[in-house]
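Please treat every number below as a calculation from the coordinates, not as lab data. Being a predicted model, the structure only gives us computed values, none of them experimental. Heads up, the Cβs are rebuilt from the backbone with ideal geometry, glycines too, and the neighbour counts pull from every protein chain shown.
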Amino acid sequence: MTYRILLINPWIYDFAAYNFWARPLGLLKVAEFLTQFDVKLFFIDCCDSFTIKKYGTGKYSYQTIQKPEIIKNIPRRYKRYGISLEEFIDRLRRISYVDLVLVTSIMAYWWHGVKEVVDIVREYLPNIPIIVGGIYATLYKEHAEKKINADLIYTGQLEERLIENIESFGIKLKRIREKPISWWKLGFYNKMPYAPLLTSTGCPFRCSYCASSLLYKSFEQRKIDEVINEIEELYIIGIRDFAFYDDALLYKSETHIEPLLKEIVKRNFQLRFHTPNGLHGRFINKNIALLMKEAGFKTLRLSLETVNIKRQIETGGKITNEELERAVFYLKEAGFSSQEIGVYIMYGLPGQSLDEVKAGVDFLKKLKIRIHLTEFSPIRGTYYWNELVKNGIIPDDLDPLFTNNTIFSELFYGYPKEELQKLKIEVNQFNLLL
Ligand code: SF4
């Protein structure tokens, strides 16, 4: 029997959102995995509605929606980003019936989007088992079990146990092929202005604010040939912009990124690569900088997070100021412009003064690269989350909505608002004038 399975990526529910090469890669991998079985797949990406801008990035369509009661005093408009409610319902109606629905979840503070999707599916496709997985489901299992009307909350990575979970609903999947069909061949997207690339899973580092180690059991790098074939297949169907989703793309570079980039250069693909996840500047040497330039990297983001040496060590020691300076030097020497190199620094880390953030901004200004100020918000299960709970700043059962960086910064930072605003304006102006 051929089972009909619907996979859904819910909307983003937030105050602000912009599509920097986002795709629900975890869900696409689940779809790929399921192609080994006798199934007919349906796919709805609620976020697949945006006006395409530079390098395939995009401005999401949105509808302004009512704020959940507990955040009603936040003085900003709350939005549902992606396709309209009507379009979602219409697409469900056209699918007419399925045997199983799989819903992913990404940021925990978007959980209202997951809830709404599940509630609507319940209404239009009644009595169908619904499994919710993904990041929110993994980090907030108990919360999801309470708040989301799903039949099962699947935690962790995609593994064979998903089949056992599916079979627990009486769905006996029959294996029909040895190798899965790649997600881009499944016709889920009408337009693909870019493609995500994941050459490794997990991260060898353990930063105190990051959930990577909670989501992935270990750090694993894929075979170079496999990645090259993927790029080539996507290139043949017209993809020119690629975004690396790796947490540690440059780790063990001599056996990973170096051979990968050499092969890309050799094949003379005319591609543009982007690294929205911060790169480890520590691993950028003259050779790697030159290879990145030759291979076609266009948007480089490096992570510094803070210029304060003590806090750098305390948060995991992934980079020093000198290592960042050296990386920027090599990148510029390789021909990257100031606009192409951006560095993330955080504000709002527990115990971090605004002066420390300003010192970081001054440091980056001297390097003449783009400055990306990013708000800290705690992730459940991380060291910083536990510290905040221990110090009575947040309760362990804090509604994930409050971890939205906009809300968290409003409620918990304690920085003088005008001063922070002034700093943000200063940074924007600096970036514009580069
Ligand atoms: S290096 Fe990046 S991905 Fe790895 S633990 Fe630190 S913040 Fe997370």
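With unit charges on the beta carbons (Lys and Arg positive, Asp and Glu negative) and the dipole taken about the Cα centre of the chain, which residue among 296, 39, 257 sits farthest to the positive side?
296
At 4 °C and 1.567 mPa s, grab the translational diffusion coefficient of the range 194-433 from Stokes-Einstein with a Kirkwood Rh over Cα pairs, rounded to a whole number in µm² per second.
Result for D is 68 µm²/s.
Need one number: the % of Cα-Cα pairs in the range 360-434 sitting beyond the 15 Å mark.
I get 63 percent for the Cα pairs in the range 360-434 exceeding 15 Å.
Would you please name the trypsin sites (Lys or Arg not before Pro) within the range 334-434 that are DSSP coil residues with at most 15 other C-beta atoms within 10 Å of their C-beta?
Passing both the DSSP loop test and the Cβ count: 368.
Please compute the contact order of the chain in relative form: average sequence separation of alpha-carbon pairs under 8 Å and at least six residues apart, divided by the residue count, as a percent.
After rounding, I find 13 percent.
Please list, in chain and number order, the residues 5+ apart from residue 379 or on another chain whose amide H is under 5 Å from its amide H, with Hs placed from the backbone.
Under 5 Å from the amide H of residue 379: 385.
Roughly how many debye, to the nearest 20, is the charge dipole of the chain about its Cα centre, given +1 on each Lys and Arg Cβ, -1 on each Asp and Glu Cβ, and no other charges?
That gives a dipole near 900 debye.
With a 4.7 Å Cβ cut-off, tell me which Cys residues in the chain come up empty for a partner.
Those would be 46, 47, 203, since no other cysteine Cβ in the chain comes under 4.7 Å of theirs.
Under the rule a/c < 1.5 gives rounded, and otherwise a/b versus b/c splits prolate from oblate, where does the chain land using the Cα gyration tensor?
Since a/c reaches 1.5 but b/c is at least a/b, the shape of the chain is classed as oblate.
With each label point set 7 Å from Cα along the Cα-Cβ vector, what nm distance links residue 96 and residue 267?
Placing both labels 7 Å beyond Cα along the Cβ direction yields 4.1 nm.
In whole Hz, what ³J(HN,Hα) sequence does the range 111-116 give by Karplus (6.51, -1.76, 1.60; θ = phi - 60°), x for Gly and Pro?
So the Karplus estimates, Gly and Pro as x, are 4, 5, x, 5, 4, 5 Hz.
Round to the nearest 0.05 the FRET efficiency obtained for residue 393 and residue 73 when R0 = 30 Å and r is the Cβ-Cβ distance.
0.95
Step through the table entries 141/217; 54/262; 72/358; 67/147; 318/424; 185/217, compare each Cα-Cα distance with 23 Å, and write down the pairs that go over it.
54/262; 72/358; 318/424; 185/217
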